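Reading through the structure tokens given below for one structure.
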Amino acid sequence: MTTLIRDDDTIRAKADALLAGMTVEEKAGQLTQYFYFGFMRDTTGESGDDLHIPNQPAMVETALARGGAGALLFVNDPAETNRLQKLAIEGNRHGIPLLFGFDVIHGLRTIFPVPIAMAATWDPATIEAGQAVAAREARAVGIHWAFAPMVDLTRDPRWGRIIEGAGEDPYLGAAVAVAQVRGFQGEGIGADERIIAGPKHFAGYGAAMGGRDYDEANISDYEMWNTFFPPFEAAVEAGAGNVMTAYMDLNGIPATGNRWLFTEVLRETWGFEGFVVSDANAVKNLEAHGFAKDAPDAAARGLTAGCDMEMAVSEPVYDHLADLVSRGTVDEATLDASVRRVLEAKLRMGLFDEPYVDEDRAREVLNDPAHRDTARIAAEKAAVLLENDGLLPLDAGALERIAVIGPLADSKRDTIGPWCFDFDLEETVTVLEGIRDRVGDGVVVDYAPGIRPAQRTFPSMFDMFGNNAPVDPEGFDDELELARAVALAGTSDVAVVVVGEWQNMIGEMSSRSSLELPGRQLELLQAVAATGTPVVLLVMNGRPLDLRWAAENVPAILDIWYPGTRGGEAVANLLFGDVAPGGRLPFTWPRTVGQIPMIYNHTVSHDPENQGKRYWDEASTPLYPFGHGYTYGDSEFRNLSLDRSEIAIGESVTVTVEVVNNGSVPVEEVAQLYIHQRHGTSSRPVRDLKGFQRVSLASGETRRVEFTLGPKELRYWNAAAKGWVQDAATFDVWVGGDSTATLGASFEVTGPARDAG
Ligand code: NOJ
């Protein structure tokens, strides 16, 4: 067990003492994090190989032996973290241990629903519990730091990394960011069984032009402060120990070399005291961007911009730092400040006292059944019921034959989604398995894939992480298989059709130019629906897809995301009504790719009456609004009241509403509060989320939910004033189950506008 060290003075004194005895070379070594691929397992078993980059392990081990590394990434085996830790400690005169970082995105061994799905729970407690499990597993194998949460907002679902974030809204994004930081770090850095959280990628990565990964982002200050910064600021306020840079150019300056971001905003404005790491090779890439002249210039500009540590895939450019200091290009005090932050992180984590992990204990923690249950509950809470004409929940007792259709229905690898590495496919429960287990022997559950999985047009390095649904299944006769699926549906009482994207079609380097269902999935769905057998459509996804046909023609649609290790079990529990769906969309669901970007909190401009008719060929309304999702049963919002109808700037108003379950089954609701400022020194969005609360209600139950609207909720960043302001204005407020809520009231804010920073 590590000790929680909270005494900042002791930490600082120890860091200073270490620093005083270090050479410039030793200091520079602390600022490099190396990729260590040598023992990364190919957990899919498909390549029959280690994911091995030739000579890379040797380069890293040489650096460790000369005390030239501060951190490693991508080691997740406890014996390996111990071995490498020993090499590092023995390799430097001061016995300074390594920090091990890892992409712990939605679980380590226990895989949780993907991050966008966790955001769809609208339940900070569930999100925190998930990352606490991830932290516990990670810490047990010797990982000290997660490259997560990704708190980049995006308004462009073509961008593959939408799956890693919390969607489009800064308020929800901030709440999800805080819950994740708490989950990873617990009471603080160094807490038992917790790890350092590293919100990323600072900042604006989600605005990549055209949704193309890594492409430039051009973001006004107004959008930066009102939209993209709030989740980062919230994560910093929650105590995150690390921040990662972003790959792209931001308004003409690469984010990783952007002094304004890291020094002026992050440290000077928000008071961030942790350490900053670059994204992989991002300091080196300052040269590729056409920003730095050469590798030494990249190192100098990265460090002086505020990037303390370089994450290096190949030879680190921070190797030049010692030389740059001796030539006077980089100030030694700047180097010292960065090294001090890294040393402090190691001291706070207790690594000098306990650098190694117990391998038996690691096995025990990784196999903890309580972790799997937490993942199942999260998957149940994350699912979003997009449509239901009453077909759901299914009554298992009234069914004799269920057809389960679509290759994603029985793909273990797709069930857990992208961006995970240490998973166990054996224990992963697919939708087909979950349904079979739930209904038992009394109901015949037959399966037909119907079609083969679609293949991406351009192969990516991410394909090496495997795609379990074989793209070219042996002996697969396309027409015969389609006919078999249709025949199966025709002779069943209900058809559960699973459609979506294969897990490697989304994530890093997996942007799409279309939102259509890939491959022949729509054709399969249409053919199955044409049999007349009722269809339940399950959507496995991390971005909105073009569901226009399904929305019109299919009676029940449940978005199950990539639900994780126990996903199939959770889905079955939802289908048969053991639990009520209560997830809500964390993004606006467009009808078609041509509508992108489309957000709920847009402003009104000319001809507002025709806001929904901006296109010649398609409605300019979404298919599903932000916050949308149904539950089973019958619930309503009523009796919205305000404790005051007028407040002065700086004061608060309390909004109360009742959530009522009028039906005979439990319901899951999310009370969502939106505001609109009618006039002021800027024109403000038609609606802005400023509060939410998920509630479970038993049959007949009524719950009062209370929200406070004060300066923090009513202020915004004003482009003319170049700062936060709060206006005297009339405000509308609504509470309901999505962003089109109609139950509303209004109040006045009086007094002169003032700086609200
Ligand atoms: C690149 C990704 O952008 C970042 O999110 C990730 O943490 C690093 N690679 C390390 O894998």
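Just a few scattered comments:
- Local electrostatic count at ALA396 - Lys and Arg +1, Asp and Glu -1, tallied over other residues with Cβ under 14 Å: -3
- Summarising the amide proton neighbourhood of TRP589: residues at separation of 5 or more, or on other chains, whose placed amide H is nearer than 5 Å comprise LEU623, TYR624, PHE626.
- Shape class of the chain from the alpha-carbon gyration tensor: oblate, with a/c at 1.5 or above and b/c at least as large as a/b.
- Counting heavy atoms of the protein chains alone, ASP546 has an accessible area of about 30 Å² for a 1.4 Å probe.
- Relative contact order computed over segment 635-755 (Cα-Cα under 8 Å; 6+ residues apart), in percent: 32 percent
- Separation of the ILE253 and GLU427 label points, Cα + 7 Å toward Cβ, nm: 4.8 nm
- With K and R counted +1 and D and E -1, the other residues having a Cβ less than 15 Å from that of GLU264 yield a net charge of 0.
- For the chain: relative contact order, % (alpha-carbon pairs under 8 angstrom, 6 or more apart): 13 percent
- A simple spin-label model places the labels of ASP478 and SER699 5.0 nm from each other, with each point 7 Å out along Cα-to-Cβ.
- Summarising the overall dimensions of segment 383-595 from its C-alpha atoms, the Rg and Dmax are 16.1, 47 angstrom.
- Nearby lysines by direct alpha-carbon distance to LYS381 (threshold 24 angstrom, same-chain neighbours under 8 apart not counted): LYS412, LYS690
- Translational diffusion of segment 619-692, estimated by Stokes-Einstein from the Kirkwood radius over alpha carbon pairs at 25 °C in a medium of 0.890 mPa s, is 161 µm² per second.
- Ordered by solvent-accessible area of protein heavy atoms (1.4 Å probe), largest first, the residues TRP616, TRP419 come out as TRP616, TRP419.
- Leading residue at positive end of dipole, the chain (Cβ point charges), from PHE112, LEU266, ALA207: LEU266
- Accessible surface for GLU516 stands near 110 Å², nearest 10, in the context of the full protein assembly shown (1.4 Å probe).
- Scattering curve values for segment 8-363, log₁₀ I(q)/I(0), Debye with Cα scatterers, q = 0.15 Å⁻¹: -1.36
- By accessible area with a 1.4 Å probe, ligands and nucleic acids excluded, highest first: order of ARG212, ARG267, ARG401: ARG212, ARG401, ARG267
- Calculated P(r) tail over 18 Å for segment 635-755, as whole % of Cα pairs: 52 percent
- Rounded to the nearest 10 Å², the accessible area of SER746 at probe 1.4 Å: 50 Å²
The values are calculated or read from the model by the stated rules, or taken from the named source; none is laboratory data. Not measured: the values here are computed from a predicted model. Using ideal geometry, Cβ is built from the backbone for each residue, glycine included, and neighbour counts are taken over all protein chains shown. In case anyone asks, the SASA skips ligands and DNA or RNA and just uses the protein heavy atoms, side chains included. Shrake-Rupley method; radii C 1.70, N 1.55, O 1.52, S 1.80 Å.
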